[in-house]
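The values are calculated or read from the model by the stated rules, or taken from the named source; none is laboratory data. Keep in mind that what you see is a predicted model, and the values were worked out from it rather than measured. Counting neighbours? That spans all protein chains shown, and the Cβs are built from the backbone with ideal geometry, glycine included. SASA here: full protein model, heavy atoms, side chains in, ligands and nucleic acids out. Shrake-Rupley method; radii C 1.70, N 1.55, O 1.52, S 1.80 Å.
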Amino acid sequence: FDGPQVKLHASRTAVPMLRLASLLPYTRYLYSMGAPVGRLLENARIPAGLLNHPAAAVHLENALRFGELACWSQGTEHIGLYVGLETSLDDIGPYGQILQNALTVHDYLRKGISLHNLTVTGQRIWLSEHGEELRLNWATIGESRLGAYQSHIENLAITISKLREAAGPHWSPRKISLAYRTQEDLPDIDLFAGTQVLRGTGETYFTLPRAMM
């Protein structure tokens, strides 16, 4: 299970990128909220016309900036969570469709980890072993920023929702750790019912029982 368990640093030879398919759930949510999506994209230096090309890529730095601007426009630090709660695997393109066809939790996580860099570079996901528990970990360049937090909390919401299909509708992780410390408490939602949530720890992960695999 173990993968690179180090903080990421921008490469001198490769610019971290994110495919537009990963931003489309954000723009759909923001449009539904009446947010000025065009202006937010412009301020993040993302050409609005690229939304018509989900396979196109933008600098990860610009995508994280868009997440920050989206939060400020809506007066919340949790846009990524709200987006994740409304996003299905079918909404995130071919990557999501591959995950949708996974037969077991192990298969789902294996595919998700191995193919993740097809959608974003500058971010890693890996499993680590801790006795009878596993941790699904995320690390992102700039993860101490609000924008990276949106990606983390969105992915947590999507992944935990999917694992509930195998573990049962009331399952929640025993613990969630968030690298970023928000000033705003997490919303009180069923997805995290009974979960210990740690904020500002410098690392993002959630726990799951080894037996679930």
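Miscellaneous remarks
- Subset tally (residues that are aliphatic (A, V, I, L, M) and in a helix (DSSP H, G or I)) for region 118-154: 4
- Criterion (at pLDDT 90 or above and either surrounded by fewer than 19 Cβ atoms within 10 Å (Cβ to Cβ) or out of contact with any helix residue (DSSP H, G or I) (no Cβ under 8 Å at 6 or more places or on another chain) (or both)) met by exactly one of G112, G131: G131
- Residue ID - nearest to Y149 (Cα to Cα), chosen from residues in region 71-92 that are of a type in the set (G, A, S) and under 15 Å from the mean Cα position of the chain (by Cα): G80
- Matching residues, region 3-20, being at pLDDT below 90 and either in contact with a Pro (Cβ under 9 Å, 6 or more places away or on another chain) or open to solvent by 40 Å² or more (accessible area, probe 1.4 Å) (or both): P4, Q5, V6, K7, L8, H9, A10, S11, R12, T13, A14, V15
- Here A57, A35, A48, A44 are screened, and the one residue that is without any contact (Cβ under 8 Å) to a residue 60 or more places away in the chain, surrounded by 13 or more Cβ atoms within 10 Å (Cβ to Cβ), on the phi < 0 side of the Ramachandran plot and in contact with an Asp or Glu (Cβ under 8 Å, 6 or more places away or on another chain) is A48.
- Among the residues of region 60-88, just one is closer than 16 Å to K162 by Cα, among the aliphatic types (A, V, I, L, M) and open to solvent by 10 Å² or more (accessible area, probe 1.4 Å), namely L85.
- For region 90-107, the set of residues classified as touching a helix residue (DSSP H, G or I) at 6+ places or on another chain (Cβ under 6 Å) and at pLDDT 90 or above consists of V105 only.
- Looking across N155, N117, one residue alone is closer than 24 Å to E61 by Cβ and either among the aromatic types (F, W, Y) or open to solvent by less than 40 Å² (accessible area, probe 1.4 Å) (or both). It is N155.
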